[in-house]
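The values are calculated or read from the model by the stated rules, or taken from the named source; none is laboratory data. Because the structure is a prediction, the values reported are computed rather than measured. Glycine gets a Cβ as well: all are built from the backbone with ideal geometry, and neighbour counts include every protein chain shown.
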Amino acid sequence: MHYAEKMTLRTEGFCDIRDITDGVLRVRERSGITEGLVTVFCPGSTGALTTIEYESGALNDLKRTLSGRRS
């Protein structure tokens, strides 16, 4: 069994970080599938997906790293 659904996000500038956890969980629930894997794909050359603790310190570190700034 498989299920596919498209999520669309609007971003605002460089290093706009979004937490998509709740959206992915809602899609999984709508799928009706109770066992298996969830795959999230981000097309294009300017977007990215990562797993990171969504808390201010980690987010600031990620933004600083992506922008090339030093501590």
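Please find, within region 17-66, the residue that is modelled with the highest pLDDT out of those that are loosely packed, with under 10 Cβ neighbours inside 10 Å and in contact with a Cys (Cβ under 9 Å, 6 or more places away or on another chain). Within region 17-66, the match that is modelled with the highest pLDDT is LEU49. Within region 1-15, being surrounded by fewer than 11 Cβ atoms within 10 Å (Cβ to Cβ) and either under 25 Å from LEU66 (Cβ atoms) or in contact with a Phe, Trp or Tyr (Cβ under 6 Å, 6 or more places away or on another chain) (or both) holds for THR8, LEU9, ARG10, GLU12, GLY13, PHE14.
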